[in-house]
Structure formats: C-alpha cells, structure tokens
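Encoded as structure tokens, the structure appears first; notes follow it.
The values are calculated or read from the model by the stated rules, or taken from the named source; none is laboratory data. Since we're looking at a predicted model, the values are computed, not measured. Don't worry about glycine lacking a Cβ; one is built from the backbone with ideal geometry, like all the others, and counts go over all protein chains shown. Note: areas computed on protein heavy atoms with side chains; ligands, DNA, RNA excluded. Shrake-Rupley method; radii C 1.70, N 1.55, O 1.52, S 1.80 Å.
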Amino acid sequence: MNEFNITPSIPCILPEPFEGRHLINGVWQSSADGATFERSSPSHGVAVSKSAKGGHSETEAAINAARAAFDSGIWSRISGRERAAYLLKAADLIEANVDRIAVQETLESGKPITQSRAEVSGAADLWRYAASLARSLHGDSYNSLGPDMLGVVLKEPIGVVSIITPWNFPFWILSQKLPFALAAGCTVVVKPSEVTPSTTVMMGELLVEAELPAGVCNIVLGYGEPVGRLMSTHNKVDMVTFTGSTAVGKKITEAAGGTLKKVALELGGKNAQIVLPDANLDDAADAVVFGAYFNVGQCCNASSRLIVHEDIAASFVAKVVALSRDVAFGDPLDPRTQVGAIVTAEHNSNIGAYVENAVAEGATLELGGGFLDVPGLGQQFFQPTIISGVSAEMGIAREEVFGPVLSVLTFKTLEEAISLTNDTSYGLSVGIWSENIHHCLEFARRAQVGTVWTNTWMDGYPELAFGGMKQSGQGREIGHYGFEEFLEVKSVVMRVGRTRTSWVKPRDQKREDPITQ
Ligand code: NAD
C-alpha cells in the first residue's frame, strides 16, 4: 500500500488561458503601455491566465473613478433597499456561474475543485448577508438631552476603499470585503493577488451584468508595487482593507500613515488546537487533520500547532498519523481530491526548509517531510507532515509555515496549555477539545485570539465577526462588526425648542449663564 493516498492526474482538456483586464469607470481596459503578466497553474504547469499589468496611470484612473462615483452620490446616497437589490442580483449571478469561476480558481490557486465550488457558492451567501445589512444600517438617537435638544448619531459610508487581497482564498476573501463595503455605500478599487487575478475579474463581469453604476467598483490587476502601494498612499482613498502577510500589512500601515487613512488588516496566524484527555479523541483527531491540511495548510486559520496533553500524546499522534495517510492529496481537478498543489515552487522549497530546520533542531519526523510526487503532475505538492518533540522556541512553532505541516507540543496542566497557546506574536484563532465546559470556558476567556472554537474547528458564519488580535491584524471582517468598519460616525445636534440663549451679551448688560459644552 502506498504510504499516502494520492489522486493521480486525470485526463482533461484545460480551458484557454483567461484574459483579464482592468475595470475602470465601468470600462474594461488594457494597460496603457500594453504590459501583461501570466499565471501558470501550480498543479498542471501550463499558462492559465494572462492579465493586464497595471501601473501608475491605471491605478490613478481607478482611484479617480471611485472618488468621482462616491462624491456624485450615485451609490453613497441611494437607499439601502436599492443597494441591497444590486447585491442580491450579484449573489444570484455568482450562483449561476459557480462552475466557471471554480475551475479558474482551482487552475490558478491549486486548490481542489470541490473546495473551490464550495467557496464560490458559499460566497453568494456573503453577498446576500451583506444585502441584509444594507437595509438595516442605522445609527443612534438621544432623546434624553433636555427639553429642547435632540441628538442623532449617523452612520455614513467611509468613502473610497482600497481592497487588496491574497492568493489563498481569492474569491472568498474578495466576498468578505467587497459586498460589505458596497452595502455601506462605499465605492472601491480592488487589487487581487498577481498570482490569482482572474476570479476577481469574473466578479467584476458579474457586477457589470448586474448593472452596478460605473465607477462604483473598479479593479486594477498587478503587483504590490506600484498598484498596491499607490492604493495605500493616495490622498483620494479613505480606507484600505487588506488581507495578506503580516510583513506587507505593516508596510501598508506605514504607507497609509501619510494621509492617516483607516487601515483594516487580516494577517497571518500560528493557530493551535488543544486536546485534553477527556475529549472525544476521534472527533479531535479528524479536526486536527482537517485544520493542518485544509487548503494544503496555506490558510491563515491553519491549525499548524497541536498542543496535546502528555498522557495521551503518543496514542493521539499515532491516530493523527494514521488519518493523515487517508487524506486524498493530488490532482486538484479530481473531485475526490481533498488537498491540492502548493502555490509556487519557491514556496514549496520554503516549506521543506522549515521541516529540515526543525529536524536539525532535534524534532522528530512522524510522517512525510518532503515533496509529494503526483503521477502525471510532478512535484509542486508537499506530503502531509507531522513533527513531534517540537519546543515553543523552534521556528516551526512560532512562524507561519503555510504548508501541510503539523507541529506537536505537549502540556501537563491547563495553565501550561493556555500559556503555550498565547506564546506567539499572532492571535487569530484557536480550538480546544474537552468534554469539560469549565475547561473550555476558562480557555476561551484567556486565549488571546479573535476566534475560539470549542469541540469544533473552522466553522464560520457571515453573522460572526472574524479577525485577529496582536500581529494577526486589526479591525474585523463580516458580521455587523465587519460592516461597521466601512462606516463613519457623525453626530448631529439639533435644537428643537426654545430660542437659543445668546452667547454675546450687549456690553451694558451683566453677562450670565454662558453656554458651555
Ligand atoms: P502578501 O502579503 O504577499 O500579498 C497580499 C496582497 O498584497 C497581494 O495582492 C499583493 O500583491 C499585495 N502587496 C504586496 N506588496 C504590497 C505593498 N507593498 N503594498 C500594497 N500591497 C502589496 O500575501 P499572500 O502571500 O498573497 O497571502 C498569504 C498571507 O495572507 C498569509 O500570511 C496568510 O496568513 C494571510 N491571510 C490572512 C487571512 C486572514 O483573514 N487573517 C486570510 C487569508 C490569508
């Protein structure tokens, strides 16, 4: 029997490379200088898209279009009901195009086709949820300020938003941001990752089909330099929402500081699942395997650390190793595949280097550790990998590996488990497995993260806020908290009764009762 469950290449004819252009003020455009860039499929090694490569002039034009559209009020001042109607139309169009979008997502990212389909159809629900928020947008009123005063706090769209997205969940992360910004009444400029540009262009096509007014959603394709940088520094942009690496997130914060624009960041993670001896160990093992290998570990929410009680560590790791051998790694176009290709050859090498360093530092390789050769597709795949004997100081326990690599650490007391969990510069998500509600709650209250899962892993809902503490980010996405990120707050103070007491008194009268705040 093969050591791993590998799905070899299936015979198929790949579509012609997708041609992507910028969407600026409602018009699809090539770059002024004709520049383009190509993306090769990480699994199949052939060109799957050719995109216009944006420069200074395209980015400037897109920002100007978004600014003009915002200031004109064609989007920012229409009713929530009207905005919701566009978003609901977009959701219907996404559902009608799931297969086409999913195939391109798989070809560019290397993720399994069943996962791409689930992400694209799931994204339609994000658009629908955002539509409901557009209609329920409200502020506060203060009818308690005295007999002649009424105060209202209005929520207004923040303005022009730059949306910068990564390659690991291109369509899903776009849908965690774009419909929420649009629901709030903002206009946007979107830059997808240069590695996975096409499904964002497809979304743009659907928005054009939905007759979204020109200039409300603009798309510029290209690289961080100059496109992303200009989107972060430009004085006509009011906010940047970014998902990507912590290193680039810091650069964006610095760049945006010049104009003090708002910055919302969803960054990396070094997440853990904690397993106590009283847990349902079969469920826990399945979730640990899912958390480690989903999206081939290239996931901000990957649970790349297993922190297991030392009494059950050996048997639990054996269970996880056995389950890992059954996970189907291989051709992303095969519907049986659960784990696909690594995004680039360079990243594949980086994953290998992390494993080598951990072993050199004294950790033990329990499974995998090398490139995975998928018959018919080559080696841009990585084996399911489990490393035990990892200590909290090792690089593999602290840094985001972004591959299918699980590090095993052990603990004796809940206190020690909490301390290991929090011993990282990241603070995105954690999970705990125990049948003891007191342990789960104690852990949940003290974990320094944006999301805690108890006896489950990576369940998410449009209603629930998502985001990180510490260096995993700032601000929240989805849910009504995510929506609020795109809103400004304005207080309106109204005198509704008697004549205002004059501040200025005639010189010959004694001054009394000055108006103060
Ligand atoms: P990345 O930071 O390399 O790139 C993200 C985007 O930023 C791309 O569009 C890129 O072109 C752009 N960019 C690069 N340099 C820029 C600059 N100077 N100014 C403006 N934009 C710039 O990230 P990636 O490799 O595409 O994605 C992987 C990272 O994303 C991981 O660290 C992962 O944890 C993180 N991530 C976080 C979440 C979350 O919600 N917390 C979700 C998914 C991914």
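Among the residues of the range 222-233, are any touching a residue at least 12 places away in the same chain (Cβ under 8 Å) and either more than 13 Å from the ligand (Cβ to nearest atom) or more than 21 Å from F37 (Cβ to Cβ) (or both)? Don't jump to the end; show me each part of the working.
Going through the range 222-233, the residues touching a residue at least 12 places away in the same chain (Cβ under 8 Å) turn out to be 222-224, 226-233.
Next, only the ones that are either more than 13 Å from the ligand (Cβ to nearest atom) or more than 21 Å from F37 (Cβ to Cβ) (or both) stay: 233.
Taking every residue of the range 222-233 in turn, at least one turns out to be touching a residue at least 12 places away in the same chain (Cβ under 8 Å) and either more than 13 Å from the ligand (Cβ to nearest atom) or more than 21 Å from F37 (Cβ to Cβ) (or both).
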Extreme residue, most open to solvent (accessible area, probe 1.4 Å), among residues of the range 462-498 that are of a type in the set (K, R) and more than 12 Å from the chain's Cα centre (by Cα): R498
Residue match in the range 393-407 (condition: more than 16 Å from the ligand (Cβ to nearest atom), touching a Leu at 6+ places or on another chain (Cβ under 9 Å) and open to solvent by 10 Å² or more (accessible area, probe 1.4 Å)): no
Within the range 235-253, considering residues that are in contact with a strand residue (DSSP E or B) (Cβ under 8 Å, 6 or more places away or on another chain) and more than 11 Å from the ligand (Cβ to nearest atom), the one most open to solvent (accessible area, probe 1.4 Å): K236
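I'd like to check which strands (runs of 3 or more DSSP E) are fully inside the range 244-322 and have at least 2 residues that are more than 16 Å from the chain's Cα centre (by Cα). Write out each step before concluding.
Working: elements: 262-266, 272-275, 305-309.
So the answer is 272-275, 305-309.
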Sole exception among (1) farther than 25 Å from R39 by Cα; (2) without any contact (Cβ under 8 Å) to a residue 60 or more places away in the chain; (3) not assigned by TED's automatic domain parsing to the domain that holds P166 for S304, by number: (2)
Failed criterion for N350 (all others in (1) at pLDDT 95 or above; (2) more than 16 Å from the ligand (Cβ to nearest atom) hold): (2)
Number of the condition not met by A131 [criteria: (1) part of a loop (DSSP other than H, G, I, E, B); (2) closer than 23 Å to T241 by Cβ]: (1)
Flag for D99 being in the same structural domain as I163 (by TED's automatic domain parsing), modelled with pLDDT of 95 or more and touching a helix residue (DSSP H, G or I) at 6+ places or on another chain (Cβ under 9 Å): yes
Any hit, the range 107-128, residues being touching a residue at least 60 places away in the same chain (Cβ under 8 Å), assigned to a strand (DSSP E or B) and open to solvent by 10 Å² or more (accessible area, probe 1.4 Å): no
Search result, residues across the range 449-465 that are in contact with a Leu (Cβ under 9 Å, 6 or more places away or on another chain) and within 14 Å of the ligand (Cβ to nearest atom): V449, G450, T451
Top-ranked residue in the range 331-351 [being open to solvent by less than 10 Å² (accessible area, probe 1.4 Å) and not in a loop (DSSP other than H, G, I, E, B); ranked as farthest from A285 (Cα to Cα)]: N348
Residue among A328, A322, A314, A256 that alone is more than 21 Å from R398 (Cα to Cα), surrounded by 15 or more Cβ atoms within 10 Å (Cβ to Cβ) and not assigned by TED's automatic domain parsing to the domain that holds Q115: A328
From the options V190, V120, V152, residue that is within 14 Å of the ligand (Cβ to nearest atom) and hydrophobic (A, V, I, L, M, F, W, C): V190
Cβ-Cβ under 9 Å pairs, at least 6 apart or on other chains, the range 156-180 side not assigned by TED's automatic domain parsing to the domain that holds G228 and within 14 Å of the ligand (Cβ to nearest atom), far side outside any helix (DSSP H, G or I) and aromatic (F, W, Y): none
Residues satisfying the stated conditions in the range 399-443, i.e. within 25 Å of the chain's Cα centre (by Cα) and either over 18 Å from V308 (Cβ atoms) or not assigned by TED's automatic domain parsing to the domain that holds F290 (or both): E399, E400, V401, F402, G403, P404, S425, Y426, G427, L428
